[in-house]
Amino acid sequence: MIILFLVFIIIASVAMGLLILIQNPKGGGLAGSIAGFNSQFMGVKQTTDVLEKGTWVMAIAIALLCLFSAFFIPEGKATRAESINARPSSGATAPNSGSPLQNTAPAPGK
C-alpha cells in the first residue's frame, strides 16, 4: 500500500512541476495586483488563475498523501541496528562475553 502512495506522490509532484513551469512569470503575483493589472473574465489572462489553482491543488494533494501514507507504514519491523541490539539473552552470561571493554582487570605482572 505504501508503494501506491509513493507512486501517487511522484505523479502529483511531476504534475505540480509541470504546472509551475508552464505558468507565465510576467505580470503575476502581488506586483500585478498593485500595478492595476487584473485578470480578464473570458480571456488569456484567466489561464494563470487556473494554473495557480492547479498548483495549490497539487500541493495540497501531495501533503495529504504524505500524511495518509504514514498510517500504512507497518509497525513492529525493527531496523537491522535495532535487531542486533535487542538480541534476547540466554539467561546466564559468561564472565568474558567477548567485549574488550568488560575485562578491565590489569594484566598480570604490571
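Placing a pseudo-label 7 Å from each Cα along the Cα-to-Cβ vector at residue 64 and residue 22 gives an inter-label distance of 2.2 nm. Remark: spin-label model distance residue 49-residue 3 equals 4.3 nm, labels positioned 7 Å along the Cα→Cβ axis.
Readers should treat all values here as calculations from the given coordinates under stated rules, not as data from a laboratory. In this text, all values refer to a predicted model and were calculated from it rather than measured experimentally. Cβ: placed from backbone, ideal geometry, glycine included. Neighbour counts: every protein chain shown.
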